[in-house]
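Everything on this sheet refers to the single structure shown next.
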Amino acid sequence: MMVRARARAQINIALVKYWGKRDTSLNLPEAGSLSLTLDGLGTTTTVVFDDDAPRDTLTINEEAQQGSALTKATRVLDALRERAGLRSHATITSHNSVPTSAGLASSASGLAALTQAAAVAAGLNLSREALSATARLGSGSACRSLFGGFAEWSPGKHADGHDSHAHELFGPDHWDLHVLVAILARGPKSISSTEGMEHTRRTSPFHAGFIATVSQDLQEAKAAIAARDLMSLAPVAERSCLRMHADMLAADPPLCYLQPASWAIIHRVQTLRKEGVQAFFSADAGPNVKVFCTPEEVPMLHAELEAMPGVKEIIICRPGHGAEVLDPIP
Ligand code: 2P0
């Protein structure tokens, strides 16, 4: 027997950051987080369950994957197989329109697309929340990419993680926030988020301080998003980002994902906002910087970023939709 399905999911950028797990095997976070799903940058994945396949295989952009990428995918597949009572192995074929492992959340869109496609191929009709909790097993941030627009990941309380999933706060049409993604480097990062997060949690004296700030940031971010108030969201998102980076910088040995060119953009955005420009920055486990802004500011900010040293490419995104099935084949 052979069944297949195809799905697409897009990356999300956290406005209130996830950095630290209370359970590494189930990707259960120590605190909540909040993100915006972007359009145009994501992953399309085909999953084929085949009784004759000798093992699970994964290719991303035509390259066969082993190690952590395959392990993450297998965790999702195992959970779905158990639910569906399915024993066959899967052949997973993924295509990213986002540079793989460059701090651009390719694992979020990848694991979200895989979960959606594999669930359909396995014949499961799961709620978006259940899909989100399953995607989380592969990669924490993937649980937010099941949803479009603004999504919040509730950490949950249960040890089995069934209540640790994202939910939609506001759909993509709520607020036409634009994001300019300034690409400074395309190669894979030297330390994965998974490793960096656990290293930080274990060795940074600032980590408890970072975690303690999250619930206040979530509350303020949600109010600012509800009011579509960029100038109120800006300080919350920037401090969540910089406190996460401060936490990493205080790890032993320190973890420094940002490059001089990243800092130059951060300073420029802060100066522009002081001059009244409706924009703020964010940056994740890599050197690339994301600049959030109103649609009116896009041309000016594009010209500003283009002139900054080290900027290789600028990708303009808008709020995007959650994971979607492309062609289920019974
Ligand atoms: C986030 N990041 O909230 C934070 C900010 C990166 C910096 O979630 O180990 O790939 O698979 O749960 O989800 C990236 O971490 O890590 C991430 P795992 P994941 O978007």
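The values are calculated or read from the model by the stated rules, or taken from the named source; none is laboratory data. If you're wondering where the values come from, they're calculated on a predicted model, not measured in any experiment. All Cβ positions, glycine included, derive from the backbone under ideal geometry; neighbour counts span all protein chains shown. Note: accessible area is taken over every heavy atom of the protein model, side chains too, but ligands, DNA and RNA are not part of it. Shrake-Rupley method; radii C 1.70, N 1.55, O 1.52, S 1.80 Å.
Brief remarks on what is shown
- Test set (1) in a helix (DSSP H, G or I); (2) over 13 Å from the mean Cα position of the chain (by Cα); (3) within 16 Å of the ligand (Cβ to nearest atom) - Pro155 fails condition number: (1)
- Residue ID - most open to solvent (accessible area, probe 1.4 Å), chosen from residues in the range 196-230 that are more than 17 Å from Arg22 (Cβ to Cβ) and charged (D, E, K, R): Arg228
- Residue in the range 278-289 that is touching a residue at least 12 places away in the same chain (Cβ under 8 Å), surrounded by fewer than 19 Cβ atoms within 10 Å (Cβ to Cβ) and of a type in the set (D, E, K, R) present: no
- Test for Ser94: is it within 16 Å of the ligand (Cβ to nearest atom), farther than 30 Å from Ala224 by Cα, small (Gly, Ala, Ser) and open to solvent by 50 Å² or more (accessible area, probe 1.4 Å): no
- Test: residue in the range 79-86 that is within 16 Å of the ligand (Cβ to nearest atom), within 16 Å of Leu114 (Cα to Cα) and of a type in the set (D, E, K, R): no
- Residue check for Ser106: polar (S, T, N, Q) and under 11 Å from the mean Cα position of the chain (by Cα): yes
- Checklist (1) near the ligand (Cβ under 10 Å from one of its atoms); (2) assigned to a strand (DSSP E or B); (3) not polar (S, T, N, Q) applied to Arg4, failing item: (1)
- Any hit, the range 163-170, residues being surrounded by 24 or more Cβ atoms within 10 Å (Cβ to Cβ), in contact (Cβ under 8 Å) with a residue 40 or more places away in the chain and farther than 29 Å from Ile314 by Cα: yes
- Among (1) away from the ligand (no atom under 16 Å from the Cβ); (2) at pLDDT 95 or above, the one test that Gly40 misses: (2)
- Taken over the range 170-194, the criterion of being part of a loop (DSSP other than H, G, I, E, B), in contact with a helix residue (DSSP H, G or I) (Cβ under 8 Å, 6 or more places away or on another chain) and closer than 30 Å to Met231 by Cα is satisfied by His174, Trp175, Asp176, Leu177, Leu184.
- Qualifying residues in the range 24-52 (those that are in contact with a His (Cβ under 8 Å, 6 or more places away or on another chain) and not β-branched (Val, Ile, Thr)) - the one nearest to Ser94 (Cα to Cα): Phe49
- Scanning the range 175-195 for residues that are crowded, with 17+ Cβ neighbours inside 10 Å and away from the ligand (no atom under 11 Å from the Cβ) yields Trp175, Leu177, His178, Val179, Leu180, Val181, Ala182, Ile183, Leu184, Ala185.
- Residue in the range 110-120 that is part of a loop (DSSP other than H, G, I, E, B), under 18 Å from the mean Cα position of the chain (by Cα) and within 14 Å of the ligand (Cβ to nearest atom) present: no
- Meets criteria (touching a residue at least 60 places away in the same chain (Cβ under 8 Å) and away from the ligand (no atom under 13 Å from the Cβ)) for Ala130: no
- Boolean, Ala102 is modelled with pLDDT under 95, under 15 Å from Ala69 (Cβ atoms) and either away from the ligand (no atom under 16 Å from the Cβ) or among the hydrophobic types (A, V, I, L, M, F, W, C) (or both): yes
- Considering His199, His167, the condition of being under 15 Å from Thr24 (Cβ atoms), not in a loop (DSSP other than H, G, I, E, B) and not hydrophobic (A, V, I, L, M, F, W, C) is satisfied by His199 alone.
- Filter pass, Val325 being surrounded by 14 or more Cβ atoms within 10 Å (Cβ to Cβ), over 25 Å from Ser139 (Cβ atoms) and in contact (Cβ under 8 Å) with a residue 24 or more places away in the chain: no
- Some residue of the range 41-64 being in contact with a Cys (Cβ under 9 Å, 6 or more places away or on another chain), crowded, with 21+ Cβ neighbours inside 10 Å and under 21 Å from Arg128 (Cβ atoms): yes
- Test: residue in the range 265-277 that is crowded, with 18+ Cβ neighbours inside 10 Å, within 30 Å of Asp50 (Cβ to Cβ) and in contact with a Phe, Trp or Tyr (Cβ under 8 Å, 6 or more places away or on another chain): no
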